[in-house]
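Engineer: Quick one: the structure is below, questions incoming.
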Amino acid sequence: MDLRKFIRDVPDFPKKGIIFKDITPLLLNGQAFRFAVKEMLRPYDGERIDKILAVEARGFIFGAPMAYERGCGLIIARKKGKLPWKTVQASYSLEYGEASVEIHQDSIGKGDRILIVDDLIATGGTARALASLVEAQGGKVVGFSFLVELTFLKGREALGNYRVETIIKY
Ligand code: AMP
């Protein structure tokens with residue numbers, strides 16, 4: 001299935017010069033959504049994964065059904081100030097701004113094998129911050145899974161030796 005036709009380009013959102021990759025047409029198509037979730041998991045079929053870490057907000061959309069499908073735990077990484085319990089956080093720069101992300105400090109056990117999930121990798125800043133959070137908590141990053149990769153922003157390079165799997169490349 002060609003998922004590319006379900007991604008809508010929205011120019012100049014949220015800022016002039018950014019072409020926003022809108023995934024909502026894909027979510028509207030049940031078959032495409034299901035296929036996307038399965039494809040995002042498939043490269044990790046043979047790997048032990050204890051928990052999936054999904055990033056607010058669009059990462060949740062894919063990370064939650066992936067965790068359900070695998071029968072593993074789900075860690076939600078949220079923007080600063082949203083989580084109710086004690087947190088650990090990391091700051092990073094975005095293609096269009098600055099942000100901080102945090103997880104509950106008890107969400108990762110020592111040696112936990114974690115798959116990090118988001119809808120899209122741009123510069124890789126978000127992903128790198130999440131990997132550092134996982135490792136600071138004693139977890140092991142098995143890899144990353146993204147639906148969309150903006151190859152021209154070289155996020156994959158920013159992630160060095162980590163395993164990076166993506167479905168749709170621009
Ligand atoms: P980055 O940290 O630069 O890899 O940015 C990735 C995060 O920003 C992801 O959570 C994406 O959802 C969002 N993002 C960045 N650029 C875009 C874009 N052009 N279209 C849609 N989402 C984007």
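Engineer: Compute the semi-axes of the equivalent ellipsoid of the stretch 47-169, taking the square root of 5 times each eigenvalue of the Cα gyration tensor, and list them largest first in whole Å.
Structural biologist: 20, 17, 13
Engineer: Using only DSSP helix segments of four residues or longer, with each worth -39500 (n - 2.57), what per-residue ellipticity at 222 nm results for the chain after dividing by its residue count and rounding to 500?
Structural biologist: Theoretical 222 nm ellipticity from helices: -7500 deg cm²/dmol.
Engineer: What lysines does Lys169 reach when the alpha-carbon gap must be under 30 Å and sequence neighbours fewer than 8 apart in one chain are set aside?
Structural biologist: Hits, sequence-local ones excluded: Lys5, Lys15, Lys16, Lys21, Lys38, Lys51, Lys79, Lys80, Lys140, Lys154.
Engineer: Follow-up. Mind listing which GluC sites (Glu not before Pro) in the stretch 25-105 are in a DSSP loop and have 15 or fewer other Cβ atoms within 10 Å?
Structural biologist: The qualifying sites are Glu47.
Engineer: Where nothing but the Cβ of Lys and Arg (+1) and of Asp and Glu (-1) is charged, how large is the charge dipole of the chain around its Cα centre, in debye to the nearest 20?
Structural biologist: Computed about the Cα centre, the dipole is about 80 debye.
Engineer: Stick to the Cα atoms of the stretch 1-106, pair each with every other, and give me the Kirkwood hydrodynamic radius in Å at one decimal.
Structural biologist: Roughly 15.6 Å, rounded to one decimal.
Throughout, read-outs are computed from the coordinates displayed, never taken from laboratory work. Note that the coordinates shown come from a computational prediction; the quantities given were computed from them, not determined experimentally. We place every Cβ from the backbone using ideal geometry, glycine too, and count neighbours over all the protein chains shown.
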